Amino acid sequence: MILALAGGVGGAKLAQGLAMVLPSEKLTVVVNTGDDFEHLGLSISPDLDTVLYTLAGLNDTARGWGLAGETWAFMDAMERLGGETWFRLGDKDLATHVERTRRLKTESLSTVIDDFRKRLGIGCRIAPMSDDPVRTVVQTQQGRLPFQDYFVRLQCAPEVRGFEFSGIASAKPSAGFIAALDAPDLEAVIICPSNPFVSVSPILGLPGVKERLAKRKVPIVAVSPIIGGEAVKGPAAKMFKELGLAVTQESVAGFYGDLLDGFVIDERDANSAARITGPRVKVAQTLMRDTEAKAALARQVLDFSGTLRS
Ligand code: FO1
């Protein structure tokens, strides 16, 4: 069994690759919920929805979030009424949020997501990292900002000083996450190319997760979200700079520290391999432009993790 840890777009792409090359019962994808928030009275889980829509083949690849073929009548009507429109909820996407919000009154997020993924025809397991609320807060030079305010409303403009994950100390990993961490047939943990600060950190920071990982003698392999000094998508590179770190593969590997057995970097950064101490390094084509590239990277990551197994 392979456990993949994922945030938004980059994480969803590799998760899709893994889902293409593994039998569905051999894959569990655990997803960050630190980006979740309540908006217009609805429970929004952006990373879970990105993973669901991508694995179902329903995602909008150009925009990077939401559903393909989306329409915006709800947002237009909201604008006419002077309502909040900075966070755009498409008409089709709205159904996900309305139905999730209704069901969360009596069910856990895990149960709702498991049902959604079955209804969307997804074979592998998808679990939120936790059923308890964890909310990422970005510490910036403009003060502390809830994640979506920083990310969408302010377009990641404020300079970052650090991060908090409100609620994490009392949050428990979800049952699906614990089951994967403790699975007797666990073969490897793959950290997808998601933002280390805001997508992967909350998952690894849940109480007991690092301890459970340390007990398992399975390879932990991260795929870097940085290529040639830039993030493929999102503010990861900007965050590294603002936190006083070089935007390099060494910085990404350094962020994960002792946790990693393997680290996958892009061909463009091949010359940094020699400077990475600690994990074994694999150089691969990590830019996932199409489904073939996602499957090819997934295969290489799995083969690499196989060579790390003692
Ligand atoms: N990202 C944006 O940049 N602008 C939006 O208006 C926006 C709306 C949105 C609605 C539903 C959803 O599931 C995601 C949405 N996202 C939007 C993406 C999302 O907020 C971020 O990409 C993630 O939180 C970062 O991983």
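Toward the positive end of the charge dipole of the range 153-270, about the Cα centre and with charges on Cβ (Lys, Arg +1; Asp, Glu -1), which of Leu245, Ser194, Leu206 goes farthest?
Of Leu245, Ser194, Leu206, it is Leu206.
Full extension from Lys118 to Ser170: what is 0.36 nm times the residue separation minus their Cα-Cα distance, to one decimal in nm? Show your work: numbers first, answer last.
Details: separation 52, 0.36 × 52 = 18.72 nm, distance 2.97 nm.
Separation in residues times 0.36 nm, less the Cα-Cα distance, equals 15.8 nm.
Select from the range 24-104 those chymotrypsin sites (Phe, Trp or Tyr not before Pro) which occupy a DSSP coil region and have at most 13 other Cβ atoms within 10 Å, ordered by residue number.
Trp86
Where the only charges are on Cβ atoms (+1 Lys, Arg; -1 Asp, Glu), what is the dipole of the chain about its Cα centre, to the nearest 20 debye? Walk me through the numbers before you get to the answer.
Values: 35 positive and 37 negative charges, 94 e Å.
Here the chain has a charge dipole of around 460 debye.
Would you mind ranking Asp60, Asp115, Asp266, Asp35 by Cβ crowding within 10 Å, fewest neighbours first? Working shown, then result.
Working: Asp60 17, Asp115 13, Asp266 22, Asp35 26.
Ranked by crowding around the Cβ, least crowded first: Asp115, Asp60, Asp266, Asp35.
Suppose we look only past 33 Å in the calculated P(r) of the chain. What percent of the Cα-Cα pairs does that tail hold? Spell out each step's value before the answer.
On the way: 9258 of 47895 pairs.
Tail fraction, whole percent: 19.
What list do you get for Ile227, Ile191, Ile2 if you sort them by fewest beta carbons within 10 Å? Write out the running numbers ahead of the final one.
Values: Ile227 19, Ile191 30, Ile2 25.
Going from least to most buried by this count: Ile227, Ile2, Ile191.
With Cβ to Cβ distances under 13 Å as the rule, what net charge do the other residues near Val134 carry (K, R +1; D, E -1)? Intermediate values should be presented prior to the final figure.
Numbers: positive: Arg135, Lys172; negative: Asp35, Asp36, Asp47, Asp131, Asp132, Glu164.
Residues close to Val134 contribute a combined charge of -4.
Per 0.36 nm of contour for each residue apart, how much would the distance between Glu38 and Lys26 grow if the chain were fully extended, relative to their Cα-Cα spacing? Walk me through the numbers on the way to the answer.
Working: separation 12, 0.36 × 12 = 4.32 nm, distance 3.30 nm.
Between Glu38 and Lys26, full extension yields an extra 1.0 nm.
If I take every Cα pair under 8 Å that is 6 or more residues apart in the range 191-310, average their sequence separation and divide by the length, what percent do I get for the relative contact order?
Numbers: 158 pairs, mean separation 28.4, N = 120.
Reported as a whole number, the value is 24 percent.
Round to the nearest 10 and give me the degree value, 0 to 90, for the angle of helix 291-308's Cα axis relative to the longest principal axis of the chain.
Taking Cα atoms only, the helix is inclined about 40 degrees.
Report the antiparallel proportion of the DSSP beta bridges in the chain as a percent, rounded to a multiple of 5.
On the way: 17 of 41 bridges.
That works out to approximately 40 percent antiparallel.
Each residue of the range 169-182 in order: what ³J(HN,Hα) in whole Hz does its phi give by Karplus 6.51 cos²θ - 1.76 cosθ + 1.60, θ = phi - 60°, with x for Gly and Pro?
My calculation for the range 169-182 gives 4, 9, 7, 9, x, 5, 4, x, 5, 5, 4, 5, 4, 9 Hz in order.
Can you tally the net charge around Asp182? Count Lys and Arg as +1, Asp and Glu as -1, for every other residue whose Cβ sits under 10 Å from the Cβ of Asp182. Show your work: numbers first, answer last.
Working: positive: Arg212, Lys215, Arg216; negative: none.
Result for the local shell: +3.
Looking at Gln16, Thr106, Gly306, which one has the Cα that reaches farthest to the positive end of the dipole of the chain (charges on Cβ: Lys, Arg +1; Asp, Glu -1)?
Gly306
Picking from Lys118, Lys238, Lys215, which is most flexible by a Gaussian network model of the chain using Cα springs under 10 Å?
In this elastic network of the chain, the residue with the biggest mean-square fluctuation among Lys118, Lys238, Lys215 is Lys215.
Using 0.36 nm per residue of separation minus the Cα-Cα distance, give me the extension gain between Arg80 and Gln141 in nm, one decimal.
On the way: separation 61, 0.36 × 61 = 21.96 nm, distance 3.36 nm.
In short, 18.6 nm is gained.
Roughly speaking, what is the centre-to-centre gap between the range 1-55 and the range 92-143 when only Cα atoms are used, to the nearest Å?
Between the Cα centre of the range 1-55 and that of the range 92-143, the gap is 10 Å.
Which Cα, out of Leu48, Gly167, Val30, lies furthest along the positive dipole direction of the chain (beta carbon charges, K/R +1, D/E -1)?
Val30
Roughly how tilted is helix 9-21, in degrees to the nearest 10 and between 0 and 90, from the longest Cα axis of the chain?
The angle comes out at about 60 degrees.
Give the lysines reachable from Lys210 as a straight Cα distance under 24 Å; neighbours fewer than 8 places away on the same chain don't count.
Correct list for Lys210: Lys26, Lys172, Lys282.
How do Thr96, Thr106, Thr101 rank when sorted from fewest to most other Cβ atoms within 10 Å of their own Cβ?
Values: Thr96 24, Thr106 8, Thr101 16.
Exposure proxy ranking, most exposed first: Thr106, Thr101, Thr96.
Within the set of other residues whose C-beta is less than 9 Å from the C-beta of Glu242, count the net charge using Lys and Arg as +1 and Asp and Glu as -1. Walk me through the intermediate numbers first.
Numbers: positive: Arg161, Lys238, Lys241; negative: Glu159.
With Lys, Arg at +1 and Asp, Glu at -1, the net is +2.
So, with +1 on the Cβ of K and R and -1 on the Cβ of D and E, and no other charges, what is the size of the charge dipole of the range 1-122 about its Cα centre, to the nearest 20 debye? Before the final figure, lay out the partial values.
Numbers: 13 positive and 17 negative charges, 66 e Å.
Result for the range 1-122 is approximately 320 debye, rounded to the nearest 20.
Can you list residues whose amide H is under 5 Å from Val247's amide H, if they're 5+ apart or on another chain and H is modeled 1.01 Å from N?
none
Where a number appears in this text, it was derived from the coordinates with a stated rule and is not lab data. All values derive from a computational prediction rather than experimental measurement. Neighbour counts run over all protein chains shown; Cβ positions are idealised from the backbone, glycine included.
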